[in-house]
1. Where a ≥ b ≥ c are the square roots of the eigenvalues of the C-alpha gyration tensor, would you call segment 115-274 rounded, which needs a/c under 1.5, or, failing that, prolate if a/b is larger than b/c, or oblate?
2. Residues in segment 220-258, backbone N under 12 Å from the label point at Ala276 (7 Å along the Cα-to-beta-carbon vector): list them, ranges by number please.
3. Taking H as built 1.01 Å from N, whose amide H comes closer than 5 Å to the amide H of Gly223, not counting residues under 5 places away?
4. Under a 1.4 Å probe, what is the accessible area of segment 128-279 per residue, stated in Å²?
5. Each label point is 7 Å from the Cα along the Cα-to-Cβ direction; what then is the distance between the points at Gln211 and Val248, in nm?
Amino acid sequence: MKRTLPGRALTSRPVSALDGDESLAGRPREFIQSLERGLGIIRAFGPHAPEQTVSELAITTGLTRATARRFLITLIELGYVESDGRIFRLTPKVLELGYSFLSGLRFPDVALPHLERLVAEVDEGSEACVLDGDHIVYVARVPSSAVMTVSINVGARMPAHATSMGKVLLAFLPDPELDAYFAHAELRSFLPRTVTDPGELRAQLERVREQGYAIVDQELEEGLVAIAAPVRGRGGRVVGAINLSSNVMRRSLDSLRGELLEPLLRTARSVEADLAGIA
């Protein structure tokens, strides 16, 4: 099962307005009520209700259970919602609906100033990401002064198994979700160092969970090394990851551990403290 981002706050609009024909009063003739209802489902998820059942969503939106379920099934097919069969939640694909949504999310907003201070301290590039199925999605990025061959933009997707932040996010998945990942993930090889054997990757993720960080050595791009740490939200659940990336000509793996790990972990704890302060 995929990890997700919190959605927006619950709408304060009267729930009865979404399900009745009276909601069309005063609307243009071209107004599409079904689109309003679908967006109402998405808006119903928020910081205080990131996961909901069909019944809860029906109450929140004012839709019947049958109607709410049809919209949820459609949103699942489109990739904007995921479910374990009972509980529904948004996926990071909602970010594709517009940058305004991205800028409204708490994690990247909170993380960005911390990443800027971290990059200023160590002069290595830093990113933040969330997990979306088999991939990570970059939600914040601060480059360093060093010239890097890899070019990553906010919104870019990378395979989780070949990235430091992906390994961190996979490592801290609940066991059933991790089992589901291995059941369907394509562990593609990008370079000779890419870990593609499921047993080897599981063992690696177990070590990551025990030590609290992940390091990759040229698994996705030649010369690229990185170290990543998890960021936990309310209740201790991992909501994202941050990293520091460099080049083998600048940093050895010992240098990543000896010089970058401490400031990275310190930054992760600072982001968590700020997230807890606005929860």
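The values are calculated or read from the model by the stated rules, or taken from the named source; none is laboratory data. Predicted model only: the values in this text are computed from it and were never measured. Don't worry about glycine lacking a Cβ; one is built from the backbone with ideal geometry, like all the others, and counts go over all protein chains shown. The accessibility values were calculated without ligands, DNA or RNA, using every heavy atom of the protein model including side chains. Shrake-Rupley method; radii C 1.70, N 1.55, O 1.52, S 1.80 Å.
1. Oblate, because a/c is 1.5 or more while a/b does not exceed b/c.
2. Backbone N within reach: 232-237.
3. So Gly223 has HN proximity to no qualifying residue.
4. 44
5. Label-label distance for Gln211 and Val248, simple model: 1.8 nm.
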